[in-house]
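Trainee: There's a structure below that I have some questions on.
The values are calculated or read from the model by the stated rules, or taken from the named source; none is laboratory data. Being a predicted model, the structure only gives us computed values, none of them experimental. With ideal geometry, Cβ positions are generated from the backbone for all residues, glycine too; neighbour counts draw on all protein chains shown. With ligands, DNA and RNA removed, areas are computed over all heavy atoms of the protein, side chains included. Shrake-Rupley method; radii C 1.70, N 1.55, O 1.52, S 1.80 Å.
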Amino acid sequence: MSVVTARSRRLDYSESTRKALVGSAIELFTAQGYAATSLDAVARRALVTKGALYHHFSGKQALFEAAVDAVETVSMKRVADIVSGPGEPWDLAMRGIRAFVEVCLDPSFQRIVIHEAPVVMGWERWQDGKHYSYGLVRLTIERLIESGLIAPLPVEVAARMLFGTLSAGAMIIAGAADQRKASDQVSTVIFALLEGMRRE
């Protein structure tokens, strides 16, 4: 076996181990929450040693942050595929909001990203890490302004305010007894707000 092949196999194994750990962490954090999930349990579920876990992550919070990143990346890719795709800007914005609201109904997104992350990571650190989802909101606002569908508002301010509205909507959905009803109400309000910004 060549040195290159051996190194490639080690890298593949290392990456598959990391993926198994993050996947196991997502399952356990979703089911039990951060406080009730032990690193031993994550390692057992991933079928690796605790030493292998510490090879990839410095501790429980580092593993949790990797889980947050994985869940948000997969979830927001659904929205990104819509808002970044071809089509009329207004239709893409409406479809993007619907996709975001659907994401907010996902148990892993709710438990890990909405409920646990602000507490475990701290509010400011959690907000700072949400550049990906914020970028999608900013892109949507830019396209609506460029197409003349909404007034030429300050992009940064408009994007931050819409992002804040979407974040509040996510929390409303996650905390509701009837989440489907709450998601419909959140969609209705956000659509109404954007319609109010729309040019005649």
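Trainee: Just to verify a number: what accessible area does GLU88 come out at with the full protein assembly present, 1.4 Å probe, Å² rounded to tens?
Mentor: 120 Å²
Trainee: Further question: Taking only Cα atoms, what is the 0 to 90° angle, nearest 10, from helix 155-175's long axis to the longest principal axis of the chain?
Mentor: Relative to the chain, helix 155-175 is tipped by roughly 60 degrees.
Trainee: Give the carbon-plus-sulfur fraction of the accessible surface of the chain in %, rounded to a whole number; probe 1.4 Å, heavy atoms of protein chains only.
Mentor: The value for the chain is 57 percent carbon and sulfur by accessible area.
Trainee: Let me have the relative contact order for the chain, percent, based on Cα pairs under 8 Å that are six or more residues apart.
Mentor: Relative contact order for the chain comes out at 19 percent.
Trainee: Going 7 Å from the Cα of LEU149 along its beta-carbon direction, which residues of region 69-86 have the amide nitrogen within less than 19 Å of the resulting point?
Mentor: 78-86
Trainee: If you don't mind, there's one more thing I want to ask. Any of LYS19/LYS181; LYS19/LYS77; LYS60/LYS181 with alpha carbons more than 26 Å apart? Name them for me.
Mentor: Check vs 26 Å cut-off fails for LYS19/LYS181; LYS60/LYS181.
Trainee: Further, regarding this structure: Before I look further, what does the chain give for accessible area per residue, probe 1.4 Å, in whole square angstrom?
Mentor: 54 Å²
Trainee: Enter the angle in degrees (range 0 to 90, nearest 10) between the Cα long axis of helix 179-197 and the first principal axis of the Cα atoms of the chain, meaning the one along which they spread out most.
Mentor: With both axes taken from Cα atoms, the answer is about 50 degrees.
Trainee: Also, I was wondering about something else. If R₀ is 30 angstrom, what is the calculated FRET efficiency for the pair ARG125 and ARG199, using the beta carbon separation as r and rounding to 0.05?
Mentor: Here the calculated transfer efficiency is 0.20.
Trainee: Long-range amide H contacts for ILE150: which residues qualify at under 5 Å (H placed 1.01 Å from N, peptide plane, sequence gap of 5 or more or a different chain)?
Mentor: Distant-sequence amide H within range of ILE150: ILE145, ARG199.
Trainee: How about region 136-200: which trypsin sites (Lys or Arg not before Pro) there are in a DSSP loop, with at most 16 other Cβ atoms within 10 Å of their Cβ?
Mentor: Sites meeting the loop and neighbour criteria: ARG199.
Trainee: Which residues' amide hydrogens lie under 5 Å from the amide hydrogen of CYS104, considering only partners 5 or more residues apart or on another chain, with H built in the peptide plane?
Mentor: Here the answer is none, since no amide H 5 or more places off falls under 5 Å of that of CYS104.
Trainee: How much mean residue ellipticity at 222 nm does the chain get from its helices, if each DSSP H run of length 4 or more adds -39500 (n - 2.57) and you divide by all residues, to the nearest 500 deg cm²/dmol?
Mentor: Dividing the helical sum by the residues of the chain leaves -24500 deg cm²/dmol.
Trainee: Rounding to the nearest 10 and keeping the result within 0 to 90°, find how far the Cα-based axis of helix 89-103 lies from the longest principal axis of the chain.
Mentor: Approximately 40 degrees, to the nearest 10.
Trainee: Still on this structure, please answer the following. Pop a pseudo-label 7 angstrom from the Cα along the beta-carbon direction at both ASP178 and ASP91 and give the gap in nm to one decimal.
Mentor: 3.2 nm
Trainee: Would you kindly calculate the mean projected area, averaged across all directions, of the convex hull enclosing the Cα atoms of region 139-178, in square nanometres?
Mentor: 3.3 nm²
Trainee: Let me ask you something else. With each pseudo-label sitting 7 Å past Cα toward Cβ, what's the GLU15-ALA36 distance in nm, one decimal?
Mentor: About 3.5 nm separates the two model spin labels.
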